[in-house]
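The structure appears below as structure tokens.
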Amino acid sequence: MKIPSDAVFYMEINGKQLDKKLNWEKLTPFMKELTENKNGKASWNDFAKTGIKYDATQFHYATINDSVKSYTTYFVIDNKAKFQEFINSSKKEGLEISKKSKYSYVNFSDEMSVAWNGNRAALSIISYSKPNKDNIFGDDDYAVDSTSVMEDEAYAMVDSAYVDAPFNYKYEIDQLKENIKYLKDNIKDNKKSIAQTKKDIRYLKKHKQYPGDREAIDDKEYGASEEAYTEEEENYSEEDIAYEKEYQKELDSIQRENFKMVKILSVKKFDEFFNSNLEIEVPKEMIAFRDAKSDVFVYTDYGKILNEGIYGKLMNMNDFGGLFMKMYNSNSSYNLYFDNDKVRLVNNYQHKDAKIQKGISDIYNGKVNEKLAALINDENIGYYSMNLNGSKYFDLMYGFVQDAGDMEYQKEMQLIMETMKIILDEEAISKIAPGNGIFVLNELKNKTVKYTEYIYDEDSYDEKEVEKTKEIAVPNFTFAFATENEGYWNRVFNLLITNKNLKKKFTKNGDVYAFKNEKSNDVIDNMYFTVKDGIVYMTTSIENLTPKNQTIASKNWAKESSQYAMSGRLDMQKLITGLDNELKTGSDVKTINAIKKNIGELHFKTEAKGESIQTEMNYKIKNSSENSLMYFFDLFEEIYKINEAEKKPVIM
């Protein structure tokens, strides 16, 4: 069985590794509790024993076009009887399991179905919508349903699938009963909505406002009975009633047709899989960056997502659609690792045009500037550092404009880019800002600000202004970048104190220029600017201009910031602590405290590697979980229990 070459998403789950990291003794009781709270009773007692072979590889993929979006999963089962028992406990009552020569299947909903045989299973989720001939794109091609081309073939395929068995009238009766049940469910939902809307109208007539908690309000509070309302207030004309019936009939017809098409497409997909050798073949380009040691591997084709189906049509409506389509014509691969002390994600980005990919790689091969790394220390909340080659940006943009399809203004854009390359001295521009820079968030301070709240009188609707105060977080940060032309930046800063419109707000003390904000309620009160030793500094505190001592840890961060094209670090615990006053304004204080206690530290680094741009992200965990996979479960369970406790009444 081959994964379609037009898949926009592909994922492999390495069950052999992940299963060892899952603690089913913890997971099963919690998942059982979740299903009990949702359904009123537990649907399954032991989620470690569902008949699914968890230590086998799972394969997932997705495809899209103008009318169909599908998501498919293939996995192994090691106990057919147990798996069917699990299916029976999960499906809705009344849904019958259909049997074919090589597999059985059941529809969980209008869009989702599952099929299985003795040792394999497939899950299919399909969303289908027939394109409207009166489409907004104004082209006849889009009005042709891409599935209609294969519709007769699909119906023929479904019919041929039953050649090996005589006509089964009982099966047909079951299918018709399913259709009736589907229509009845819709009617029930519509009747409930209509009844509630009528009650809301009566409530508005009586109380001149919407009801608050509808479940807590007695029916008497709604006013006249529903029957009285229907007789006295509901004055629909015969034409209105006929129109509504015709509209509902058409809507039901569309839903039935969509459901039939989804079923046809699902059965076609299942037949292809179970009539194959059941071995999954993946196109080589999708797994070019796959690491067999990763726990999860994901491939995404951004070019196909944006250039095909409705997204492609929207792009074509834009005058610069060709440019955007070329910019996003790329793919990304992700290898995810759940290590004991951290979660590691390695992303490889690759543009499909080799020339453009080379242009991007050239930007990521910038010179190193170690002076900027002196701003990094242990007290920082985080930093974002880059060492790029700024002189290569024009070459990249010119590459995007070249041969960008049938873009309306392509020739004009090419001429503008060529003119700019002639007029502008790229080398001189790159000396002003070569591409080395760093942003450091030192700390978050609290500040009391005033604000106005408007209160409305419910009876008179008069507006009243009330002045209040609140605590906000104020960032203390430094932004610095390298320059090979200090004189240019000194002239820029000198302009701040000589320009008649700006000099009232700016002052100069030695080599440092200062900005004083007269508005006390703004986030930023002061800013300082200076140029020193080939570095331009912009900071909220003059103390940040003096480097602090670095420990072994911060020296390693500084070294990393100088080695990679882009790198960064964020201490999320410090960040949330700094935002305490803003986050603890609601009823979720306990949840915020739980997150703050357990949240870890994020590091990333990016470099041009081979024929791709590789970014590695590491999230270091801080609690006592046995590994980083169970860390997320433990955190979710703690937050869930806090929320559940909030719902329960306190017993004195």
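Given the conditions (1) outside any strand (DSSP E or B); (2) modelled with pLDDT of 90 or more; (3) open to solvent by 90 Å² or more (accessible area, probe 1.4 Å); (4) not β-branched (Val, Ile, Thr), which single one is not true for residue 494?
(3) is the only condition that residue 494 fails.
Do any residues in the stretch 629-645 that are in contact (Cβ under 8 Å) with a residue 60 or more places away in the chain have Cβ atoms under 6 Å from those of residues that are polar (S, T, N, Q) and surrounded by fewer than 17 Cβ atoms within 10 Å (Cβ to Cβ), where the two are at least six apart or on different chains, and which pairs are they?
630/23
In this structure, does residue 516 turn out to be exposed (fewer than 14 other Cβ atoms within 10 Å of the Cβ) and either in contact (Cβ under 8 Å) with a residue 24 or more places away in the chain or of a type in the set (Lys, Arg) (or both)?
Details: exposed (fewer than 14 other Cβ atoms within 10 Å of the Cβ): yes; either in contact (Cβ under 8 Å) with a residue 24 or more places away in the chain or of a type in the set (Lys, Arg) (or both): yes.
Considered against the rule, which asks whether it is exposed (fewer than 14 other Cβ atoms within 10 Å of the Cβ) and either in contact (Cβ under 8 Å) with a residue 24 or more places away in the chain or of a type in the set (Lys, Arg) (or both), residue 516 comes out as yes.
More than 27 Å from residue 534 (Cβ to Cβ), of a type outside the set (Gly, Ala, Ser), modelled with pLDDT of 70 or more and surrounded by 14 or more Cβ atoms within 10 Å (Cβ to Cβ), is that true of residue 384? Outline the logic, then answer.
Working: more than 27 Å from residue 534 (Cβ to Cβ): no; of a type outside the set (Gly, Ala, Ser): yes; modelled with pLDDT of 70 or more: yes; surrounded by 14 or more Cβ atoms within 10 Å (Cβ to Cβ): yes.
No: the conditions fail for residue 384.
Yes or no, residue by residue, for (1) in contact with a helix residue (DSSP H, G or I) (Cβ under 8 Å, 6 or more places away or on another chain); (2) at pLDDT below 90; (3) under 19 Å from residue 19 (Cα atoms):
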residue: 612; (1), (2), (3): yes, no, no
residue: 622; (1), (2), (3): yes, yes, no
residue: 631; (1), (2), (3): yes, no, yes
residue: 641; (1), (2), (3): no, yes, no
residue: 644; (1), (2), (3): yes, yes, no
residue: 649; (1), (2), (3): no, yes, no
residue: 652; (1), (2), (3): no, yes, no
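Which residue out of 548, 555 is among the charged types (D, E, K, R), closer than 15 Å to residue 370 by Cβ and surrounded by 12 or more Cβ atoms within 10 Å (Cβ to Cβ)?
Going through 548, 555 in turn, the sole match is 555.
Please find, within the stretch 288-302, the residue that is nearest to the chain's Cα centre (by Cα) out of those that are among the small types (Gly, Ala, Ser) and under 17 Å from residue 20 (Cα atoms).
Narrowing the stretch 288-302 to residues among the small types (Gly, Ala, Ser): 288, 292, 294.
Imposing the further condition that a residue be under 17 Å from residue 20 (Cα atoms) reduces the set to 292, 294.
On the way: 292: 25, 294: 22 Å.
Restricting to residues being among the small types (Gly, Ala, Ser) and under 17 Å from residue 20 (Cα atoms), the top hit is 294.
Enumerate the pairs (first residue in the stretch 93-104 and open to solvent by 100 Å² or more (accessible area, probe 1.4 Å); second residue anywhere and at pLDDT below 80 and not in a loop (DSSP other than H, G, I, E, B)) with beta-carbon separation below 6 Å, excluding pairs fewer than 6 apart on the same chain, so at least 6 apart or on different chains.
Filtered contacts from the stretch 93-104: 96/174.
Find the residue count for the stretch 611-626, including only residues that are surrounded by fewer than 19 Cβ atoms within 10 Å (Cβ to Cβ), not in a strand (DSSP E or B) and not small (Gly, Ala, Ser).
Total satisfying the criteria: 4.
Can you find a residue in the stretch 581-591 that is closer than 19 Å to residue 443 by Cα and touching a residue at least 60 places away in the same chain (Cβ under 8 Å)?
Restricting attention to the stretch 581-591, the residues satisfying the condition of being closer than 19 Å to residue 443 by Cα are 581-584.
Subset that is touching a residue at least 60 places away in the same chain (Cβ under 8 Å): 581-582.
Yes; the residues of the stretch 581-591 include at least one that is closer than 19 Å to residue 443 by Cα and touching a residue at least 60 places away in the same chain (Cβ under 8 Å).
Hey, among the residues in the stretch 356-367 that are open to solvent by 40 Å² or more (accessible area, probe 1.4 Å) and at pLDDT 90 or above, which one's farthest from residue 605 (Cα to Cα)? Spell out how you get there, then give the answer.
Going through the stretch 356-367, the residues open to solvent by 40 Å² or more (accessible area, probe 1.4 Å) turn out to be 358, 362, 364-365, 367.
Going one step further and asking which of them are at pLDDT 90 or above, we end up with 358, 362, 364-365.
Numbers: 358: 19, 362: 17, 364: 12, 365: 14 Å.
Restricting to residues being open to solvent by 40 Å² or more (accessible area, probe 1.4 Å) and at pLDDT 90 or above, the top hit is 358.
Please indicate, with yes or no, whether at least one residue in the stretch 523-545 is surrounded by fewer than 14 Cβ atoms within 10 Å (Cβ to Cβ), part of a loop (DSSP other than H, G, I, E, B) and of a type in the set (S, T, N, Q). Explain how you work it out, then say what you get.
Our first condition is that a residue be surrounded by fewer than 14 Cβ atoms within 10 Å (Cβ to Cβ); within the stretch 523-545, this holds for 523-524, 526, 532-533, 543.
Next cut, part of a loop (DSSP other than H, G, I, E, B) only: 523-524, 533.
Checking which are of a type in the set (S, T, N, Q) leaves us with none.
No, the stretch 523-545 contains no residue that is surrounded by fewer than 14 Cβ atoms within 10 Å (Cβ to Cβ), part of a loop (DSSP other than H, G, I, E, B) and of a type in the set (S, T, N, Q).
For residue 257, all conditions in the list (1) in a helix (DSSP H, G or I); (2) exposed (fewer than 12 other Cβ atoms within 10 Å of the Cβ); (3) at pLDDT 65 or above hold save one; what is the number of the exception?
Of the numbered conditions (1) in a helix (DSSP H, G or I); (2) exposed (fewer than 12 other Cβ atoms within 10 Å of the Cβ); (3) at pLDDT 65 or above, the odd one out for residue 257 is (2).
So that you can scan it fast, the table gives a plain yes or no per residue for (1) under 25 Å from the mean Cα position of the chain (by Cα); (2) under 30 Å from residue 469 (Cβ atoms):
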site: 545; (1), (2): no, no
site: 557; (1), (2): no, no
site: 561; (1), (2): no, no
site: 592; (1), (2): yes, yes
site: 595; (1), (2): yes, yes
site: 616; (1), (2): yes, no
site: 619; (1), (2): yes, no
site: 630; (1), (2): yes, no
site: 640; (1), (2): yes, no
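Considering every residue within the stretch 327-345, establish whether at least one is open to solvent by 20 Å² or more (accessible area, probe 1.4 Å), under 30 Å from residue 395 (Cβ atoms), part of a helix (DSSP H, G or I) and modelled with pLDDT under 85.
yes
Do we have any residue at all in the stretch 594-610 that's hydrophobic (A, V, I, L, M, F, W, C) and surrounded by fewer than 16 Cβ atoms within 10 Å (Cβ to Cβ)? Outline the logic, then answer.
Narrowing the stretch 594-610 to residues hydrophobic (A, V, I, L, M, F, W, C): 594-595, 599, 602, 604, 608.
Going one step further and asking which of them are surrounded by fewer than 16 Cβ atoms within 10 Å (Cβ to Cβ), we end up with none.
Checked the stretch 594-610: no residue is hydrophobic (A, V, I, L, M, F, W, C) and surrounded by fewer than 16 Cβ atoms within 10 Å (Cβ to Cβ).
The values are calculated or read from the model by the stated rules, or taken from the named source; none is laboratory data. Please read these numbers as outputs of a predicted model, since none were measured by experiment. Positions of Cβ are generated from backbone atoms using ideal geometry, with glycine treated the same way; all protein chains shown enter the neighbour counts. The area values use the complete protein model at the heavy-atom level, side chains included, leaving out ligands, DNA and RNA. Shrake-Rupley method; radii C 1.70, N 1.55, O 1.52, S 1.80 Å.
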